[in-house]
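For reference, the structure is listed below as structure tokens.
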Amino acid sequence: MNQWFKKFFLRNGLVLSLYMLLVTFIWIVVMFVLPQIFMFDFSFRFNWTQIDPSKIGGPDDVYTLQHYKFLLFGSPNNPDPFNIVDVSVFAHTILTAVFVTLFDVILCYPVAYYLAHVAKGGVTRLMMLSLVVPFWINELLRAFAFRILFGEEGSINNILVYLGILSQPIDFVRENIALYTGLGYAYILLMIFPIYNAVESLDRNQIEAARDLGSPWWRIHLRVVIPFAKPGITSGCTMVFMLSAGALALPQIIGGPSSLWFTQIIYQWFNTGSNWPRGSAYAVSLLVICVIFVLLIMKIFKVKFGEIGR
Amino acid sequence: MSADVTLENITVKFDEFTAVKDVDITIKGGEFFSFLGPSGCGKTTLLRAISGFQEPSEGRVYIGGNDMAGIGPNKRPTALIFQNLALFPLMTVWENIAFSLEVKGVSKKERRRRADQLLELVALPGQGNKMVNELSGGQRQRVAVARALAAEPEVLLLDEPLSALDLRLRQHMRTELREIQKRAGITFIYITHDQGEALTMSDRVAVMREGLIEQVGEGTKVYDNPATAFVASFVGENNAFQGTVSVVKTEKVIVSTGSGDLEASLGEDIKLSVGDEAIVFARPEAMSIVKRNNTIKNVLNSKVVYHEFEGNFWHLILEVKNGMKIKISQINDGSTQVYEKGSELKVQIDPKLAVALPFGPLAAE
């Protein structure tokens with residue numbers, strides 16, 4: 001370690017080295033680790049700010065598990081065996097995020113492969129542009145555009161009814177189809193680019209070799225391309241899953257009125273509920289479950305953590 | 001099973017550029033056939049046309065008498081060994097070898113058995129469970145051969161597979177490949193820019209230049225009786241003396257060159273008349289130093305520029321009359337005299353070993 005620092009300073013000079021260390025420190029510690037620690041600490045405290053601010057720092061300001069208990073079992077006078085609303089919203093959020101992630105993999109892998117190995121020069125650039133340009137538009141604006149598109153009077157319903165495919169319009173927003181599509185669309189770039197990066201470095205000869213050995217196209221993908229792209233696919237999946245599960249604006253705008261997204265509950269505790277410790281506990285729970293879930297998936301698909309960073 | 005390969009007037013065009021021009025050739029079943037040429041001569045394109053990765057713009061490919069038009073590389077009875085081998089890095093050695101069997105739906109047990117058999121054949125027994133990156137360059141080479149043979153091709157296509165190996169290993173693998181070819185008894189089509197490889201391994205060699213085939217024949221024929229100036233200058237080392245034909249005898253001509261009048265044998269089936277532009281080719285080993293000045297025929301006065309020692313040979317670089325540099329080689333028998341820079345030497349060219357050919361493009365240095 002000492003050796004490393006010595007080399008680092010010798011190579012980059014004093015000013016540049018200090019600058020880089022400081023920037024990294026602020027980025028990782030101040031902006032990432034510290035807030036998470038505060039949040040974590042918060043989640044184990046009573047909500048004294050609202051109940052009785054004078055107790056803060058006093059003998060009663062001790063750690064408690066009540067917020068986590070609340071997430072699982074609800075208030076003490078809840079007749080149900082567990083907190084049905086919150087837990088089912090939680091499960092629904094995770095499941096939907098999984099679904100959105102799968103949807104994005106299926107959608108993005110062929111596109112990424114096409115970009116990396118089939119499309120040539122001009123076509124590649126054009127495709128890249130048409131992928132990136134829509135994301136210049138503000139996220140909220142896009143969400144509202146989806147509302148217009150998927151609404152009961154929206155263009156999709158109009159077209160389907162006009163073509164006679166539907167006899168009467170479907171409320172895509174109420175059915176959450178707008179939300180799933182919106183989430184899927186919102187993160188396609190985060191899926192395409194890691195896969196593209198991974199697939200692009202695959203030696204074309206390997207694809208040709210597999211073909212030459214008699215392999216049909218699907219087996220080439222199954223045995224050669226996908227195993228090679230696995231770190232990229234995992235990296236994309238992790239990002240899409242985490243961001244979908246943690247999305248707030250899209251569920252707020254294009255989510256069905258009857259179904260909640262877990263982040264909305266967190267938001268309510270922080271904002272309207274004025275219960276920061278409970279909000280923190282909910283947020284920490286979401287984070288921990290998501291991380292465990294991702295690690296589990298990585299374990300199942302035998303991807304090492306370091307590979308994701310490539 | 002080995003199949004013959006017939007290329008019928010194959011032309012391959014990429015936009016404006018024509019990579020292969022009207023190649024018409026038949027490769028016999030069980031033959032070890034090489035396409036030899038400098039990079040960019042179209043030999044790889046030709047190989048891709050045989051394997052099915054490149055549809056020819058004109059002409060047809062027949063393998064074992066069957067027209068291959070419209071048949072993809074996965075359906076042809078060929079297997080290709082890539083220049084960089086293209087082994088699958090995420091599979092073990094035996095999975096690599098058995099990939100074509102996996103495609104055919106062969107059971108895992110049988111695949112393993114076949115892979116072990118092939119590992120035996122390429123002299124790598126017991127290496128099946130290793131990953132490809134745990135093997136050395138030469139071992140990977142053998143795995144690539146085994147993987148291609150596992151597909152039971154009738155024709156094996158090799159795209160300069162030895163070029164990444166060091167000299168000693170390369171020489172060893174030449175013998176090895178030749179042995180494997182004999183044991184497997186199938187047609188090998190080999191692409192290379194290395195004339196040593198082509199000459200040592202092949203039954204026949206086709207020399208290519210700019211998409212054209214310049215000469216087809218056995219190695220000795222291509223070396224001793226080059227058909228064109230390009231073949232003479234590309235296959236092996238050669239000194240080229242350019243000039244005009246002054247005298248034509250039966251099977252011999254005299255060419256007036258800038259370095260003096262030179263008598264040389266007329267190349268096989270070559271016609272030259274007085275006044276034609278011609279090149280006399282004399283290999284470094286076809287020239288000798290004359291001590292006493294008792295002959296005047298085919299003797300060049302020269303000055304030593306420098307000498308090179310290559311173990312079995314001493315090479316002398318000499319400057320002749322018109323400033324041209326020539327190279328002569330002498331076997332190092334332990335008593336070879338070393339000539340210092342600047343010493344004057346008389347060099348005689350053996351007219352029987354020198355070949356006169358019509359003027360034409362030479363291989364780039």
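The values are calculated or read from the model by the stated rules, or taken from the named source; none is laboratory data. Every value quoted in this text rests on a predicted model; they were computed, and no experiment measured them. No Cβ is skipped: glycine too gets one built from the backbone with ideal geometry, and neighbour counts run over all protein chains shown. Protein only, heavy atoms only, side chains kept; ligands, DNA and RNA dropped before computing areas. Shrake-Rupley method; radii C 1.70, N 1.55, O 1.52, S 1.80 Å.
Residues in the range B:249-266 that are buried (at least 17 other Cβ atoms within 10 Å of the Cβ) and either in contact with a Ser or Thr (Cβ under 9 Å, 6 or more places away or on another chain) or within 14 Å of B:N322 (Cα to Cα) (or both): 8 in all. Among the residues of the range A:183-194, is there at least one that is farther than 24 Å from A:K230 by Cα and at pLDDT 90 or above? No, because not a single residue in the range A:183-194 is farther than 24 Å from A:K230 by Cα and at pLDDT 90 or above.
Condition first: over 27 Å from B:K221 (Cβ atoms) and either part of a loop (DSSP other than H, G, I, E, B) or touching a strand residue (DSSP E or B) at 6+ places or on another chain (Cβ under 8 Å) (or both). Can you find one or more residues in the range B:269-278 that meet it? Taking every residue of the range B:269-278 in turn, at least one turns out to be over 27 Å from B:K221 (Cβ atoms) and either part of a loop (DSSP other than H, G, I, E, B) or touching a strand residue (DSSP E or B) at 6+ places or on another chain (Cβ under 8 Å) (or both).
Taking the criterion of being outside any helix (DSSP H, G or I), open to solvent by 20 Å² or more (accessible area, probe 1.4 Å) and either at pLDDT 90 or above or in contact with a Pro (Cβ under 9 Å, 6 or more places away or on another chain) (or both), the only residue of the range A:275-305 that qualifies is A:K304. Picking from residues in the range A:132-161 that are within 19 Å of the chain's Cα centre (by Cα) and touching a residue at least 12 places away in the same chain (Cβ under 8 Å), the one that is least open to solvent (accessible area, probe 1.4 Å) is A:A143.
A quick yes/no check of all residues on (1) closer than 16 Å to B:P361 by Cβ; (2) at pLDDT below 90; (3) in contact with a Phe, Trp or Tyr (Cβ under 9 Å, 6 or more places away or on another chain):
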site: B:V235; (1), (2), (3): yes, no, yes
site: B:N239; (1), (2), (3): no, no, yes
site: B:Q242; (1), (2), (3): yes, no, yes
site: B:V245; (1), (2), (3): no, no, no
site: B:E251; (1), (2), (3): no, yes, no
site: B:V255; (1), (2), (3): no, no, yes
site: B:D261; (1), (2), (3): no, yes, no
site: B:E268; (1), (2), (3): no, yes, no
site: B:S273; (1), (2), (3): no, yes, no
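The criterion of being over 20 Å from A:V284 (Cα atoms), at pLDDT below 90 and of a type in the set (S, T, Y) does not hold for A:S75.
The residues listed here are B:A206, B:A198; of these, the one that is touching a residue at least 40 places away in the same chain (Cβ under 8 Å), crowded, with 23+ Cβ neighbours inside 10 Å and farther than 29 Å from B:E120 by Cα is B:A206. Does the range A:61-68 contain at least one residue that is assigned to a helix (DSSP H, G or I), out of contact with any helix residue (DSSP H, G or I) (no Cβ under 6 Å at 6 or more places or on another chain) and surrounded by 14 or more Cβ atoms within 10 Å (Cβ to Cβ)? Yes, there is a match, as at least one residue in the range A:61-68 is assigned to a helix (DSSP H, G or I), out of contact with any helix residue (DSSP H, G or I) (no Cβ under 6 Å at 6 or more places or on another chain) and surrounded by 14 or more Cβ atoms within 10 Å (Cβ to Cβ).
Just one residue in the set B:L101, B:L87 is under 28 Å from the mean Cα position of the chain (by Cα) and among the aliphatic types (A, V, I, L, M); that residue is B:L87. Looking across A:F25, A:F90, A:F9, A:F46, one residue alone is of a type outside the set (V, I, T), closer than 27 Å to A:A245 by Cβ and surrounded by 11 or more Cβ atoms within 10 Å (Cβ to Cβ). It is A:F90. Restricting attention to the range B:275-290 and to residues that are loosely packed, with under 15 Cβ neighbours inside 10 Å and more than 22 Å from B:K346 (Cβ to Cβ), the residue that is modelled with the highest pLDDT turns out to be B:E277.
Looking only at residues in the range B:95-107 that are within 13 Å of another protein chain (Cβ to nearest Cβ) and of a type in the set (S, T, N, Q), the one that is nearest to A:W218 (Cα to Cα) is B:S100. For the range B:306-324, name all the residues that are in a strand (DSSP E or B), out of contact with any Leu (no Cβ under 7 Å at 6 or more places or on another chain) and under 15 Å from B:A282 (Cβ atoms). Residues satisfying the conditions are B:H315, B:L316, B:I317. Meeting the requirement of 2 or more residues that are of a type in the set (G, A, S) and within 14 Å of chain B (Cβ to nearest Cβ), the helices (runs of 4 or more DSSP H) wholly within the range A:137-250 are A:204-212, A:226-245. Among the criteria (1) among the aliphatic types (A, V, I, L, M); (2) surrounded by fewer than 16 Cβ atoms within 10 Å (Cβ to Cβ); (3) part of a helix (DSSP H, G or I), the one B:A164 does not fulfil is (3).
Scan the range B:80-94 and tell me whether some residue there is within 12 Å of another protein chain (Cβ to nearest Cβ), in a loop (DSSP other than H, G, I, E, B), small (G, A, S) and within 14 Å of A:G214 (Cβ to Cβ). No, the range B:80-94 contains no residue that is within 12 Å of another protein chain (Cβ to nearest Cβ), in a loop (DSSP other than H, G, I, E, B), small (G, A, S) and within 14 Å of A:G214 (Cβ to Cβ).
Within the range A:181-208, being open to solvent by less than 50 Å² (accessible area, probe 1.4 Å), touching a residue at least 12 places away in the same chain (Cβ under 8 Å) and more than 19 Å from the chain's Cα centre (by Cα) holds for A:A198, A:V199, A:L202, A:Q206, A:I207. So, in the range B:125-144, of the ones that are in contact with a helix residue (DSSP H, G or I) (Cβ under 6 Å, 6 or more places away or on another chain) and open to solvent by 10 Å² or more (accessible area, probe 1.4 Å), which residue ends up nearest to the other protein chains (Cβ to nearest Cβ)? The qualifying residue nearest to the other protein chains (Cβ to nearest Cβ) is B:K130. Number of residues in the range B:38-71 that are within 13 Å of chain A (Cβ to nearest Cβ), more than 14 Å from A:A209 (Cβ to Cβ) and open to solvent by less than 20 Å² (accessible area, probe 1.4 Å): the value is 1.
The condition of being of a type in the set (V, I, T), open to solvent by less than 50 Å² (accessible area, probe 1.4 Å) and in contact (Cβ under 8 Å) with a residue 60 or more places away in the chain holds for only one of B:V304, B:V299, B:V347, that being B:V347. Is it the case, given these coordinates, that B:E110 is of a type in the set (D, E, K, R) and within 14 Å of another protein chain (Cβ to nearest Cβ)? No; evaluated as a whole, the condition is false for this residue.
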